[in-house]
1. For the subset of the range B:558-602 comprising residues that are open to solvent by less than 50 Å² (accessible area, probe 1.4 Å) and among the aromatic types (Phe, Trp, Tyr), which member is farthest from B:ASP629 (Cα to Cα)?
2. Filter the range A:215-258 for residues that are assigned to a loop (DSSP other than H, G, I, E, B) and farther than 22 Å from A:ILE125 by Cβ and give the result.
3. Have a look at B:GLU206, B:GLU192, B:GLU267 and point out the one that is within 16 Å of ligand 2 (Cβ to nearest atom) and acidic (Asp, Glu).
4. Specify which of the listed residues (B:LEU240, B:LEU266) is touching a His at 6+ places or on another chain (Cβ under 9 Å), closer than 28 Å to B:THR84 by Cα and either buried (at least 21 other Cβ atoms within 10 Å of the Cβ) or more than 14 Å from chain C (Cβ to nearest Cβ) (or both).
5. Specify which of the listed residues (B:LEU673, B:LEU681) is touching a Cys at 6+ places or on another chain (Cβ under 9 Å), within 14 Å of chain C (Cβ to nearest Cβ) and either assigned to a loop (DSSP other than H, G, I, E, B) or surrounded by fewer than 24 Cβ atoms within 10 Å (Cβ to Cβ) (or both).
6. For the range C:41-61, what are the residues that are under 25 Å from A:THR48 (Cβ atoms) and more than 12 Å from the chain's Cα centre (by Cα)?
7. Taking C:HIS87 and the conditions (1) away from ligand 1 (no atom under 16 Å from the Cβ); (2) open to solvent by 20 Å² or more (accessible area, probe 1.4 Å); (3) over 17 Å from the mean Cα position of the chain (by Cα); (4) not polar (S, T, N, Q), which numbered condition does it fall short on, given that it satisfies the others?
8. Could you please find all residues in the range C:46-58 being within 7 Å of ligand 2 (Cβ to nearest atom) and either free of Cβ contacts under 8 Å to residues at least 40 places away in the same chain or facing chain B (nearest Cβ under 8 Å) (or both)?
Amino acid sequence: MQARNYVAPSSIDEAVAALQAGNGANRAFAGGTDVIIQVRENRRAVDTLVDIKSIPELIGITHKPDGGLRLGAATPCAQIYRDPQVKARFPALVDSASLIGGVQIQSRASLGGNLCNSSPAADSIPTLIALGAIAEIAGPSGRRNVAVEDFCTGPGQNVLQPGELLVALEFPSPAANSGAAFERFIPRNEMDIAVVNAAANITLSADGSTFQAARIAIGAVAPTPLYVAAAGQALAGKPVNDDSIAAAAEAARAAATPITDMRGSAAQRKHLVGVLVTSVLRTAIDRARG
Amino acid sequence: MVTKDRSSFKVIGTRPLRPDGIDKVTGRAQYGADIRLSGTLSGHILRSPHAHAVIKSIDTSKAEKLPGVKAVVTGADLVLPGKTLDELPDLSANVLAGRKALYRGHAIAAVAAINEQVAREATRLIEVDYEVLPVVLDVRESMQPGAPILHQAMRTRTPSGPGDAPSNVVAHTQVINGDIEAGWKDAVEIAEGDFSTSMVHQGYIEPHAATATWNSDGQVTIWSCTQGAFPARERTSTILGHPISKIKVIPTEIGGGFGGKIGVYLEPVTALLARKTGKPVKIQMDRDEVFEGTGPTPGTSIRAKLGATKDGKFVAFQADLAYENGAYGGSAANYATMCITAPYDIPNFHLDAFDVVVNKPRTQDYRAPSSPAAAFAMEQLIDELSEKLNIDPLKLRLMNAAHEGTRGPTGMPYKRIGHEEILEAAIDSPHYKSPLEGPNRGRGVASGFWFNVALRSSVNVSVQPDGTVNLIGGNTDLSGTRASLAMQLAETIGVAYEDVKPTVVDTDSVGYNDVTAGSRVTFATGIAVHEAGNKLIKEMTGRLAETWQVPVEDIEFEDGTFKTKDGAKSGTFKEIAQAVVGRGPGLTASGSVNAGFLQGGAFAHHIVDVEVNPDTGKVNILRYTAIQDVGTAVHPSYVEGQLQGGAVQGIGWALNEEYYYDEEGRMVNSSFLDYRIPTTLDVPMIDTILIEVPDPLHPFGVRGVGEPPIVPPLAAIANAVARATGVRQYQLPMSPRRILETTKDVV
Amino acid sequence: MTQKVVSTTINGEPVQFLSEPGGSLLTALRDELGLTGSKEGCNNGNCGACNVVLNGELVNSCCVLAMEVEGADLLTIEGVAQGDQLHPLQNSFLENAALQCGICTPGFIVAAKVLLENEPDADEARIRHWLAGNLCRCTGYDKIVRAVLDAAEQMRQPAAT
Ligand SMILES: Cc1cc2nc3c(=O)[nH]c(=O)nc-3n(C[C@H](O)[C@H](O)[C@H](O)COP(=O)(O)OP(=O)(O)OC[C@H]3O[C@@H](n4cnc5c(N)ncnc54)[C@H](O)[C@@H]3O)c2cc1C
Ligand code: FES
Ligand code: FES
């Protein structure tokens, strides 16, 4: 099938109105790399597709004076990973943005779309969670903020209410001596859906010997991407060594409740959680130490 | 004609540009979906959501009432006069189901409408009442008593006559050579295993597409991206009961086939819809329809056992081979019995092969059909013996390799073949000589065999006023065969490659040609080209004799030049042609051959280095070399391309590709995303070594080169993985999941 | 469903065409404009056969709505050669025998063109990475990668006068 209608509003208010008008049958789209195909393959029925790329606030990258980052929800991945400051200060975002699809997909796909599509295997969501990103939402009753770890509620489901639009993703300034990384496992080397993915964001003591704080998130092992607070807690205050890392990996494994499907078995996924959490922690440590 | 001295070739062995190249790099070439006739209706097919079901009724009335819908057809429209739906032959029932849907994706009905959206919408309005039946998906389970029966009328063909009860086993074939019991007595080392491979698809990038018109006088024209316009015409004629002379099939450019575009799917359906509507009708498949509704290659189960003396001489081999034929009968396992022992001289063997139906799409050929799975078993057993006997795996193969005079796959002794030569080349190759170092790495080798399917070919050649030559053929060009045939004609008549203009035409415009498949075009059509070229020379010599006023016997033709024996008069082909054509009647000739069915033998040997990630189970291909006896490399670049493409398809088959089914028999990975054919990042450069042992059956020594390169990769990679991990792999694909399961017990 | 008019620039020429609101750019190019050089291999973003350049960015035209290209600048395979002058990539694909069936070729050429224009020094690893969204089932990629490497080298040479 295909959508019946197309509109390209130029303001958030217009977009909200357009979304509201459909009584749930209208959908926003940014890159369209999920939704256009879902409609075509009869996985989703849409009356009007609301193209949000003409809304200035939804596209663009702002580096804020306090060191924080604001990403317009519809900003394509390619624009994100090409930004020199994003590269230097938020390398985990580059890890994610440069893995979504091939370059043809990255010219279009947005992180907002990745988040709002709310796939358990989405490759940016663990990174957004690990980085402590906040989703800024506009709707008929104004704006509200939701932490990304609370955003997804089930496979393909999230907190957005009819008429609501994701406007931007806000990231706090990376702490001193911090580092973050994202990785996924796929059977091929490109163009695949994650069997498991994981992100870590850690802060070390000034001498780099101790974990001060850590946020770890994993994907494709539960109905939504998971923030594993216990894995971060397992690291806080612990020395940077293999035992600490193994303890965090074990905590993440314990949190995973994967299923078996064509992309991987439950056992394989549990196993890979340990492998990937270990690996992203190592990269994050290297990055934190500069 | 005697095989020419290799070094005397002028055109063969060079690397000219292909004649269809510019159209293909500029987007001008017309493939199946690019045909656009004015007033064309769009068709779409309704497919069974169930893998096994009785079709109790089909109600098309709602669909027919949808505005814009012009016609709906079902299997009932394929019932020929005097017959009933119960008697629908397999060929027809696979195109539009009869009483039963036998696999998920089985075509049930088709709609023609003013546009695609309406056609799709209409298929959803067709109401089918299914009685869902139990499914059987596994080849061994399907052979068991009590398995759900697909065809009540099917009786197993066995060496002792047909079976007496309904069965899913199409045929049991037995091949016995020597004295197997004596062989086992001589064997001191034995390797055995229970191997299995999954159903895989050819994965060509172009989905099937066809457009048909049906005129009021009964003249039918079909444009199709088929691998064989003539067989497509024949089958369409049979299915529709319409005379062959009234059907013209125009082959479009074709975006890959590898065997998968031999069968007919859309041709009869578009024709039927065109008849009903009086308008051109075009149908183009979606990618998931290609996976679920066309013909992949069988999954297999092979139990095999190989014995050798302590010196490494193979003395006994036994195998039980079961091949999934999909929903309807076929003969894949029968081929496997010919291929599995073909590379070696084994005095005693005993093979039992079973062709079996299961609730999966009717299988089709895929490059060297049946041989890769057979080699997956055989070449791993050899590897195991090489470890047990502590003999280098290449030397062990060389010691046992088949050669001229050895019993060949059809039971007849081989003529000249090159298995020994490629093994020697492998031993001498830079790849094999270089050490492989580092943890978790392993090197694997394997050989592979395929015949030349030869069959029938026809071409016409005609000389133009400027002395150039048109070469008219009927084989669709999948991989540069226009070039390889033009080169053979240029070689035959001694002109420059640029002076031959090859064209592929429709079924009305040239004599019969079998499909472009089985590595046959450069081989068999090449023979026809050579014959036509020689006839042309003969004709020209005759006419020249009159012009020059000398006896015919006094004129010689050599190196592209006609001359009198005394050398007094001479002229190049082009000069003479200009003169002769200028005056006399047009100069044309044709060549037609039936070069036999399974001919010759071509061998490939591959060497691969892998690294297996112990944490994730992922296999990384580090280095790859494909060696092959190509007979004579007509256009070496395109020959290399065949080796490289075949190797990479084999890598995909070995590592990730498979039809992944749920319990109800639904293929759940019917997209390029989840079917996972290799991308650029999954493979290294593929080194090639072309060995030329001319085939005595071909005037230029050509052997088919397209099929053998897909045979060794499965086993070569398995052998490499076994050496890297210490664990042998009996099941494909060797996906990360399976490697973790077998090496780390992650289950 | 009412069709709408879209005005855009394709291969340097201003063009207007009709499309259904939910129709894809690939369908519009092929069915409305007769630009059948962009191919459909999967219709869901996984093969790259439909690659076109949209405002300088490589995209899969099957994953773009026709409506979205209002006012945009598009390049398709039909615009890669300048008149009868083939692009170095096109020549290189021919000379390197980088096509067998050729169905993937337009997509590969369009993709590689964007790469080499932005990164003239792209090496094998970079080329393989960039082309990972383009599937070819015939060649095993070896000759395609070599063709792109060769074309890159030619394109780096100062233009002969
Ligand atoms: C070939 C291919 C490969 C892919 N590979 C990957 C991969 O490797 N990893 C991965 O994670 N994903 C992958 N994807 C999926 C997809 O590309 C990503 O999820 C992408 O980030 C989606 O972004 P988009 O802007 O295209 O989303 P869209 O399709 O535009 O939107 C996705 C969903 O989010 C909603 N939405 C979008 N923006 C907003 C907004 N601002 N407010 C409210 N709702 C909104 C839409 O209504 C829709 O439901 C792939 C897709 C394809 C076709
Ligand atoms: S057709 Fe667009 S990516 Fe395959
Ligand atoms: S040349 Fe056939 S798919 Fe690439």
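The values are calculated or read from the model by the stated rules, or taken from the named source; none is laboratory data. Please read all numbers here as calculations on a predicted model, not as lab measurements. Methodologically, a virtual Cβ is constructed for each residue, glycine included, from the backbone with ideal geometry; neighbour enumeration extends over all protein chains shown. Surface areas here come from the heavy atoms of the whole protein model, side chains and all, with no ligands, DNA or RNA. Shrake-Rupley method; radii C 1.70, N 1.55, O 1.52, S 1.80 Å.
1. Residue satisfying both the conditions and the ranking: B:PHE562.
2. Of the range A:215-258, the ones assigned to a loop (DSSP other than H, G, I, E, B) are A:220-225, A:228, A:236-238, A:240-241, A:256-258.
Matches in the range A:215-258: A:ALA236, A:GLY237, A:LYS238, A:VAL240, A:ASN241.
3. Numbers: B:GLU192 fails: within 16 Å of ligand 2 (Cβ to nearest atom); B:GLU267 fails: within 16 Å of ligand 2 (Cβ to nearest atom).
Unique residue meeting the criteria: B:GLU206.
4. Working: B:LEU240 fails: touching a His at 6+ places or on another chain (Cβ under 9 Å).
Sole residue among the options that is touching a His at 6+ places or on another chain (Cβ under 9 Å), closer than 28 Å to B:THR84 by Cα and either buried (at least 21 other Cβ atoms within 10 Å of the Cβ) or more than 14 Å from chain C (Cβ to nearest Cβ) (or both): B:LEU266.
5. Numbers: B:LEU681 fails: touching a Cys at 6+ places or on another chain (Cβ under 9 Å).
When all the criteria are applied, what remains is B:LEU673.
6. Residues satisfying the conditions are C:ASN43, C:ASN44, C:GLY45, C:ASN55.
7. In the conditions (1) away from ligand 1 (no atom under 16 Å from the Cβ); (2) open to solvent by 20 Å² or more (accessible area, probe 1.4 Å); (3) over 17 Å from the mean Cα position of the chain (by Cα); (4) not polar (S, T, N, Q), C:HIS87 misses (3) alone.
8. Filtering the range C:46-58 for residues within 7 Å of ligand 2 (Cβ to nearest atom) gives C:46-50.
C:ASN46, C:CYS47, C:ALA49, listed by residue number.
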